[in-house]
Every structure is written in structure tokens, then in C-alpha cells.
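Q: What follows is a structure written as C-alpha cells; I'll ask about it next.
Every number in this text was worked out from the coordinates using simple rules, so none of it is lab data. All values reported here derive from a predicted model rather than from experimental measurement. Virtual Cβ from ideal backbone geometry, glycine too; neighbours counted across all protein chains shown.
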Amino acid sequence: MVAESTERYQAASFEEGEYLQIEVAGITTTGAKNPGAKFLAFMTGQFQNVIPRPTGCSQRENRQAAQPAFDKLVKPVKTLLFSPEEVAANRKAWWMSGWR
């Protein structure tokens, strides 16, 4: 809504609930000299202010521009999450079926 200046595309709300999407980042230690530590520090700090940012906006403009759009997003009443066991059991089938 912010970057394209349109409300044409909206999220749907489902009676049974919405699945959470969890994003992760990490550093592998095998054979590394920890080159990603600064990047992870950036990701958990100032990057959080930049993620939804429209191109060319300052952080202040970004927050002001994005806030009305965030207020219009679906606010889940019930959140759903796959268990680690369910993910492990289905990962290959989901990947092969194109659900990625």
C-alpha cells in the first residue's frame, strides 16, 4: 500500500485463524571468523526501521508513511503455527509441491 500507493491488494482474514510467518537469521560457526556479527547487529537494530520503507524516504518519513497502512492490516484474532514435528514431517513434500 505504501510503496505502490494503492489499496488494491489486501490481506484476507480467515475465521479459522492466520498462520504466523517467522523470519530468522543466524551465523554458522563452522569455518567462519564470525563475519556476520555486524550484519546481525544491524538487522536487529536500525534495519527494523528500514524494512517497510518506500524508496527514497527518511526513517521519519518512512514511519509516517507506513503507519496508516499498518493500521489497515488484518489483526489476527487467532494465530496458528506449525509444530516443529509437523514441519519436519512435511518439509520435503511442501518443497517439492512448490509451496515455498
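Q: What nm value, rounded to one decimal, do you get for the distance between A69 and Y19 when each label is placed 7 Å out toward the C-beta?
A: Those two pseudo-labels are separated by 2.4 nm.
Q: Right, another one. Express in nm, to one decimal, how much length is gained between M96 and E4 on full extension, taking 0.36 nm for each residue of separation and deducting their alpha carbon distance.
A: On the way: separation 92, 0.36 × 92 = 33.12 nm, distance 3.24 nm.
That pair, M96 and E4, stretches by 29.9 nm at full extension.
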